[in-house]
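Below: the structure, in structure tokens.
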Amino acid sequence: MPLNRRTFLSRSAVTGAGVALAGAAAAPAAEAAAPAHRGGRKPKRYALTVLGTTDLHGHVFNWDYFKDAEYTDTAGNAQGLGRISTLVNQVREEKGRHNTLLLDAGDTIQGTPLTYYYAKVDPITAEGGPVHPMAQAMNAIGYDAVALGNHEFNYGIETLRRFEEQCDFPLLGANAVDAKTLKPAFPPYFMKTFRVKGAPPVKVAVLGLTNPGIAIWDKAYVQGKLAFPGLEEQAAKWVPKLRSMGADVVVVSAHSGSSGTSSYGDQVPHVENAAANVARQVPGIDAILVGHAHEEIAELKVVNEETGKTVVLSEPLCYAERLTLFDFELVFERGRWHVESVKASLRNSNAVEDDPRITRLLADEHAKVVAYVNQVVGTATETLTTAEARYKDAPIIDLITKVQEDVVKEALAGTEYASLPVLAQASPFSRTSEIPAGDVTIRDLSSLYVYDNTLVAKLLTGAQLRAYLEYSAEYYVRTAAGAPVDVDKLTNANGRPDYNYDYVSGLKYEIDVAQAAGSRIRNLTYGGTPLDDAQQFVLAVNNYRANGGGAFPHVASAKELWSESTEIRTRIAEWATAKGVLDPKDFASVDWSLTRNGTPVF
């Protein structure tokens, strides 16, 4: 049954150790398999399959809204809950639906124009508003429980709570707690009872854990309201409770990668990608559905340090491209069920077609969004592309920085900071975005800025900006002068993603990739003269970076002069609409270049 919680933090049903058994259900009885055993005794056995998805990010259809076409990639992947539904139906047919459990590890309601539309254009929070497409699809497929992802908070608490009300399954977050009472603000766990013919029932507990980085990335929404303790400490608190409540199987659904690393430096004392740490440190866990990292891990075995028991982890690829299967074998011995073995595997969405039940269900919503993103907002004098933007100063990224500069200058007009020079940062988020010559649509501009980031103005000095640029330049692989340059191997040093490389407009500089990291920024000037380390600047920066995302130096602690809740993507569309014509002469400039010992790389 739906969990209807209209008050933000008044949740008597989800506080402390007395958490209600959210969705506890008695499944139809299954036969207990009974293979031969020494001495003629036949121990009772039971096979359970736990299915999992993660990082769906609003993908219901195998559709690319930015290209206005079926989704395709070079690997032959397919996307969307329509495909997942078909896979789930197959597994339920194979295993018996009453022997399966369906989970997700978070990041559900942000990521495509479909989810943006129902958060901002036709919002689910409006009186009499629509039911969120992801709630409709996941209800129809029959999800049992979903962990909160960090992107669930991108549109604010009201949107998240409304989505929660619309779901027929609980949103779990044992480490999403009331900032004042430190009691759970969402259900920490879910339990389900599986009846087994001729044997006692099997009780399965699912503990939901989310990402501590929410405190940084969505600070504007959660500060003073919610706190996000570490996954390890909350798992250590809750897993023994679940075992004491009779759980025979404990599965963790964690919106946290397995690498043990963090992208936010030391701003939060908790690890961002802590799933393997949880398996290693907290006894009593059988399996972990991993999310957040957008990686494909069919099966990862981690040995618990205290018990020596193997915990099985699996992370299905994002956007509904894969489905994880945890296959449990249980045996009834000494008066209780024991997990004898766990195996994890993946199924590929490209192996099946969409479930027509799901695509029919949301056909109208899909059509509305397709019409919305295909609205023409202007024209472009030439084609602009991000194909080379990660290693050459590209006009298409200058469009982002120009829009941000203009918005911040207007916002600060008439304030004590109005006379300060405004610079802006932007990242090459996509390698395939293109604004074609001719008509420009909302989808063209949306593909350029795929995240729902908002704009913040920060006060920085010249010295701080120099350090900022040096840190950004660590994105490049050190390449000796005279050595051949392979652009596919030039970037993403130490695994740094494209979204953690920044342009900074308004300054001129060279990045010498022949030098060691930390000593690459050369000939840094402002207004034609060497940058004054003491001079003050306003940096127009997205909220992810402003709050510490990427761990860039100084920006998170810098004084905030202004911020807003309108998405940068929307500001770009407004700017383009007002201009009518996108002409590079109005926004493009060559601010930086790659060099080796002073010689241009390109």
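The values are calculated or read from the model by the stated rules, or taken from the named source; none is laboratory data. The structure presented is a predicted model; accordingly, all values stated were derived computationally and were not measured. Quick reminder, even Gly has a Cβ in these numbers, built from the backbone with ideal geometry, and neighbours come from all protein chains shown. Heads up: the accessible areas ignore ligands, DNA and RNA and are worked out on the full protein's heavy atoms, side chains in. Shrake-Rupley method; radii C 1.70, N 1.55, O 1.52, S 1.80 Å.
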Query raised in the report: Once the Cα atoms of helix 462-473 and of the chain are each reduced to a long axis, what angle between those two axes, in degrees from 0 to 90 to the nearest 10, is obtained?
Result: 60 degrees
Report task. Could you state how much accessible area Trp63 has, in square angstrom rounded to the nearest 10, with a 1.4 Å probe and all protein chains kept in place? Result -> 60 Å²
Query raised in the report: Rounded if a/c is under 1.5, else prolate if a/b is larger than b/c, else oblate: which is the range 547-602, with a ≥ b ≥ c the root eigenvalues of its Cα gyration tensor?
Result: oblate
Query raised in the report: Where does the chain land at 222 nm, in deg cm²/dmol rounded to the nearest 500, when only DSSP H runs of n ≥ 4 count, each adding -39500 (n - 2.57), divided by all residues?
Result: -6500 deg cm²/dmol
Report task. Along each of the three principal axes of the Cα atoms of the range 447-548, give the extent in whole Å, ordering the values from largest to smallest. Result -> 40, 36, 21
Query - the range 411-470-the range 59-84 distance, computed between alpha-carbon centres (Å) - result: 28 Å
Query raised in the report: If r is the Cβ-Cβ distance from Val477 to Asp364 and R0 is 35 Å, what FRET efficiency results, to the nearest 0.05?
Result: 0.15
Requested in this report: Would you mind checking the tilt of helix 568-579 against the longest principal axis of the Cα atoms of the chain, expressed as 0 to 90 degrees and rounded to 10?
Outcome: 40 degrees
Report summary line: Karplus-derived 3J(HN,Hα) from phi for the range 395-407 (6.51 cos²θ - 1.76 cosθ + 1.60, θ = phi - 60°), whole Hz, x at Gly and Pro, runs x, 5, 6, 4, 4, 4, 5, 5, 4, 5, 4, 5, 5
Query - Cleavage-rule hits, trypsin sites (Lys or Arg not before Pro), the range 67-152, DSSP coil, Cβ neighbours within 10 Å at most 15 - result: Lys67
Requested in this report: Distance between Cα centroids, the range 242-262 to the range 339-362: provide it in whole Å.
Outcome: 22 Å
Report task. Count the net charge of all other residues whose Cβ sits under 14 Å from the Cβ of Gly495, scoring Lys and Arg as +1 and Asp and Glu as -1. Result -> -2
Query raised in the report: Which far-off residues, 5 or more places away or on another chain, put their amide H under 5 Å from the one on Gly58, with H placed in the peptide plane?
Result: Gln110
